[in-house]
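Working notes, structure below.
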Amino acid sequence: MKIKCPLALAAASLSLSAFHTPAYAQPEIEEILVTGQKVSRSLQDTTDSVAVMSSEMMDDQVVLSMDDVLQQTANVSVQPGRSFTIRGIDAFTVSGDGGGNGGLASVYLDNAPLPYRMVQKSGFSTWDIRQVEVLRGPQSTLQGRNSLAGAIVAQSRDPDYAWDGKVRILGGDYGQHNFAGAVGGGLIDDLLSFRISGESSHLDGFNENSNNGDNTDYQESDTHRVKLKLSPLDNLDIIWGYNAIDEKIGAKFTNAPPAGQDQYGYRKLDFNTETFEFNKGDIVTQEINLYMGDHWQFSSITGYSDLDYGYQWDGDAGNTPPDLVQLDERTDETWTQEFRGVFNYERLSGVVGAYYSDLETTDDAYGQRILSFTDVGVTPALLSTVLGITPDQADLLLGFYAPVDPAIIGVTSETYQKITTAALFGDLTYSATDKLNLLFGARWDNEDHENSSLSNYTVDNFSQFPNPANYPAPINGAVSALNGFILAQAQDASGTEPVEDASFNAFLPKIGISYHWTDALTTSFLIKQGYRSGGISRNVARNEVVKYDPEYLTNYELSLRSVWLEGDLIANLNVFYYDWEDQQVTVQLSGNTFDTQTENAGKSTVKGAEIDLQYYIARGLKLYSGIGYAKTEFNEFFVQGEDQRGRPFQGAPEWTGNIGATWHSELGIFANINVNYTDSSNQLVYLGENPAAGFDPQNDEHTLVNFKVGYEWQQMGVYLIGSNVLDEEYISIADTSTGTSTGTQTYGAPRQLSVSFEAQF
């Protein structure tokens, strides 16, 4: 018997899809297996909270991207184009401005880590993905860095010897169209097989450029994948994979509506320079699996990715001359290597392994943008202190600069970062009795960092600044001093920072217990740590670098796994409490917008629960549901001397939920409906000094209703698809401006209808 780890899960084995089983057939209830923790385990033996979605479920539901998967997962929320949260923790930052070393949730495609922006901006395609597992809660023991909040593990379909294929043609309103295909089979019997897939999609968008009438939030995406599987021996498999991604995404935000304008009816952006982001790159993977008898499987997993992403931005964020352009391009080149041994004996099972990664990042920014004097901290109060003049004199002085406020700033910068990671890990289950399992795990992790930067800032409209020669004494002295102060700020932010080195080590333990009361009922308790390594932070305003320490999260979690009604009802519950210390947060050191850096200044707690249900009501009819609750709270967090204790995290709804049903009739009629709920959340981490009365921008709560109905025959189907069919109006990212800057906000997508033809062969 080989212990080859099958990539299977409940949703796959329980699917009612007419493409895979006759519509009238009642599927058999099979063992639920999850693999996101590097070893195949029954869900009854998985203490971690795992939400899984198979390709069959994605076919049944309105799922075209990873964002769609996450929106239908309890205790997970999505802000399209910006981020997602797991149990209230933002995948990329908790303090609002990208503070900290890397992300807080890791995302993998075919065992290769994806860079954050590829996931953040587009929610990458799920076409020909065999399964997605969303692991809620820290996964640092097995996944390492950037998994403090959780991990998303996506696996594309592996090649097989049986020939098959599928196509999808979809068209809808707002210029939506999608063409996708996949085919695979055996090239040499019992030796070599392949699978190739591709998808091209386009969406005009929902928002309008008020200058030219074009859509600003368009999206274009092309993805291609090739996989080869070689089996030279009965106990040896080698799988090579190649993924190519090419995306261009327009700005998803709009201007905040003018006074008197309908808050939800203003989908306009008045930029006169096209603003967009792009993702382009290649991912190459190799997986070698060697099966040694009945007890061991050894694997070597190698990944390489070369990804370019960046943006073009309207430098003056408006529609009046000058037409400024700011550009940023980042390149991530990553090598990963993992060796893993999975074992299974009568009493002891688990996984042991070693991991190495090398990440090199280069970020180039150049162009022009505007900055108000207020943005860089030049206020009457500051001038009174620096220049030794009265507040009235400071106001008079700033009045001379009104024609050049905001200033035009030229930017040229290059930053370099290299992170080398080495780790040893293990995760063990010991069956003390037939009912009692003891759980152990640990990871030793080492990271070495190198950072350097080169930057140059210029005041490009300085020639238009007030000339001291045109003013009498003593005004000319104040004008000269202010001119010098502005130039000094640009000079202070410019320069070269040499390579800074930093090294971090961590030991991450895990311990737990699991008890099988019956074959259908299991409870577990687990204690484990989440971890994000320390790093090096750059203060742009001061052109300085600051080192900061790792942060740690201790998770206490109780789980229940249960099957009822002779297998027709599956109910899983997890209750958790997080104690999070030494949080890496972005702190503001002065009134200068760019005078920020990452420090270990935070302490917080998160508590909550989620329950997931699947109920097979009758032949061909399945009900599924999930409810999540996550209460986030800063216990220690000071910004500019302001105490932020008691505030929740940014973009962290307390309640999330979903409910849906899928029906396959014996006559070929198909129907799916699902409803997703997301609670409101605050958009600002902290409110700043002396905020206006009642100023605390909120992201709207919203309930989205989606459906897919159609007719299926043989291996084909025609469907009508509706997203947000009740056309709920809501703001997913609220306007945080206070009148001193251009306000922007992001609307949720309106109602969309489309028609799809799908076939398998």
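The values are calculated or read from the model by the stated rules, or taken from the named source; none is laboratory data. Because the structure is a prediction, the values reported are computed rather than measured. Glycine also receives a Cβ, built like all others from the backbone with ideal geometry; neighbour counts cover every protein chain displayed.
Test GLU566 against the stated conditions and say whether it is outside any strand (DSSP E or B) and modelled with pLDDT under 95.
So GLU566 passes the test.
For ILE669, only one of the following conditions fails: (1) closer than 30 Å to ASN255 by Cβ; (2) more than 30 Å from the chain's Cα centre (by Cα); (3) touching a residue at least 12 places away in the same chain (Cβ under 8 Å). What is its number?
All conditions pass for ILE669, except number (1).
Looking at SER197, SER193 in this structure, which one is in contact with a Gly (Cβ under 8 Å, 6 or more places away or on another chain), assigned to a strand (DSSP E or B), modelled with pLDDT of 95 or more and farther than 30 Å from ARG751 by Cα? Even if it seems obvious, please write down each step before you answer.
Values: SER197 fails: farther than 30 Å from ARG751 by Cα.
Result of the check over SER197, SER193: SER193.
Looking for something among the β-branched types (Val, Ile, Thr), surrounded by fewer than 18 Cβ atoms within 10 Å (Cβ to Cβ) and either at pLDDT 95 or above or assigned to a strand (DSSP E or B) (or both) - is there at least one such residue anywhere in the range 582-593?
As a first pass, look at the range 582-593 and keep what is among the β-branched types (Val, Ile, Thr): 585-587, 593.
From the residues that got through so far, the ones that are surrounded by fewer than 18 Cβ atoms within 10 Å (Cβ to Cβ) too are 593.
Pick out the ones that are also either at pLDDT 95 or above or assigned to a strand (DSSP E or B) (or both) and you get none.
No, that holds for no residue.
If you go through the range 485-539 one residue at a time, how many are outside any strand (DSSP E or B) and aliphatic (A, V, I, L, M)?
Of the residues in the range 485-539, the ones outside any strand (DSSP E or B) are 485-494, 519-520, 533-534.
Pick out the ones that are also aliphatic (A, V, I, L, M) and you get 486-488, 490, 493, 520.
Adding up the residues that qualify gives 6.
Note down all Cβ pairs under 7 Å where the first residue falls in the range 607-619 and is more than 19 Å from THR678 (Cβ to Cβ) and modelled with pLDDT of 95 or more, the second is small (Gly, Ala, Ser) and not in a strand (DSSP E or B), and they're at least six residues apart or on different chains.
none
Of the conditions (1) assigned to a strand (DSSP E or B); (2) buried (at least 22 other Cβ atoms within 10 Å of the Cβ), PHE649 clears all except one; give me its number.
Single failed check for PHE649: (1).
Would you check which residues across the range 378-410 are part of a loop (DSSP other than H, G, I, E, B) and of a type in the set (A, V, I, L, M, F, W, C) and list them?
Here is the first cut: in the range 378-410, the ones part of a loop (DSSP other than H, G, I, E, B) are 378-379, 388-390, 401, 405-406.
VAL378, ILE389 - these are the residues of the range 378-410 that are part of a loop (DSSP other than H, G, I, E, B) and of a type in the set (A, V, I, L, M, F, W, C).
In this structure, does ASN658 turn out to be in a strand (DSSP E or B), touching a helix residue (DSSP H, G or I) at 6+ places or on another chain (Cβ under 6 Å), at pLDDT 95 or above and not β-branched (Val, Ile, Thr)? First the steps, then the outcome.
Details: in a strand (DSSP E or B): yes; touching a helix residue (DSSP H, G or I) at 6+ places or on another chain (Cβ under 6 Å): no; at pLDDT 95 or above: yes; not β-branched (Val, Ile, Thr): yes.
No, not satisfied.
Quick check on THR740: is it surrounded by fewer than 17 Cβ atoms within 10 Å (Cβ to Cβ), modelled with pLDDT under 95 and β-branched (Val, Ile, Thr)?
yes
Hey, does the range 601-608 have a residue that's surrounded by fewer than 17 Cβ atoms within 10 Å (Cβ to Cβ) and of a type in the set (S, T, N, Q)?
For the range 601-608, residues surrounded by fewer than 17 Cβ atoms within 10 Å (Cβ to Cβ) and of a type in the set (S, T, N, Q): present.
From the set of residues in the range 236-278 that are among the hydroxyl-bearing types (Ser, Thr, Tyr) and closer than 16 Å to ASN207 by Cα, which is surrounded by the fewest Cβ atoms within 10 Å (Cβ to Cβ)?
Applying the filter and picking the extreme gives TYR264.
I'm told SER452 meets every condition in (1) at pLDDT below 90; (2) in contact with a strand residue (DSSP E or B) (Cβ under 7 Å, 6 or more places away or on another chain); (3) under 30 Å from GLY137 (Cβ atoms) except one. Can you identify the failing condition by its number?
(3)
Taking the range 119-175, which residues are under 30 Å from GLU557 (Cβ atoms) and among the basic types (Lys, Arg)?
ARG130, ARG136, ARG145
Would you check if there is a residue in the range 415-432 being hydroxyl-bearing (Ser, Thr, Tyr), in a strand (DSSP E or B) and in contact with a Pro (Cβ under 9 Å, 6 or more places away or on another chain)?
no
Filter the range 229-280 for residues that are under 28 Å from GLU333 (Cβ atoms), more than 28 Å from the chain's Cα centre (by Cα) and small (Gly, Ala, Ser) and give the result.
Within the range 229-280, none qualify.
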